[in-house]
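*Asks:* Quick one: this structure, given as structure tokens, is what I'll be asking you about.
The values are calculated or read from the model by the stated rules, or taken from the named source; none is laboratory data. Please read all numbers here as calculations on a predicted model, not as lab measurements. So basically every Cβ, Gly included, is an ideal-geometry build from the backbone, and we count neighbours across all protein chains shown. The area values use the complete protein model at the heavy-atom level, side chains included, leaving out ligands, DNA and RNA. Shrake-Rupley method; radii C 1.70, N 1.55, O 1.52, S 1.80 Å.
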Amino acid sequence: MRDEGMADDLLCIGEDGTGDKLCFRIVDTAIDGKISLWYHETGEIEELATNLKELFVSLLYSNE
């Protein structure tokens, strides 16, 4: 799944509820495993975690 304006090297795996997309990056035709957030208004990309487990752990403990 890809939104208009989203780079070809991003694979959307979810949304954060504001229109911004959680994505994997594709490097040399393979998914690199890092989780990035693509901002739909600016097109900027922010790396959130080095893998899915790290993302879940950071979200789990972000409310403490």
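*Asks:* Taking amide H atoms as placed 1.01 Å from N in the peptide plane, list the residues 5 or more away in sequence, or in a different chain, whose amide H sits under 5 Å from that of residue 40.
*Replies:* 20, 21
*Asks:* In terms of modelled amide H atoms, which long-range or inter-chain residues lie less than 5 Å from the amide H of residue 49?
*Replies:* Distant-sequence amide H within range of residue 49: 35.
*Asks:* Sticking with this structure for a sec: Might you tell me the accessible area per residue for the stretch 13-64, computed with a 1.4 Å probe and given in Å²?
*Replies:* Here the per-residue accessible area is 70 Å².
*Asks:* Oh, and also: If I take R0 = 30 Å and measure r between the Cβ atoms of residue 61 and residue 11 in this structure, what FRET efficiency does the formula 1/(1 + (r/R0)^6) give, to the nearest 0.05?
*Replies:* Result of the calculation: an efficiency of 0.70.
*Asks:* Net charge within 11 Å of residue 48 by Cβ-Cβ distance, Lys/Arg positive one each and Asp/Glu negative one each, not counting residue 48 itself?
*Replies:* -4
*Asks:* Considering only protein heavy atoms and a probe of 1.4 Å, how much of the accessible area of the chain is carbon and sulfur, as a whole percent?
*Replies:* 52 percent
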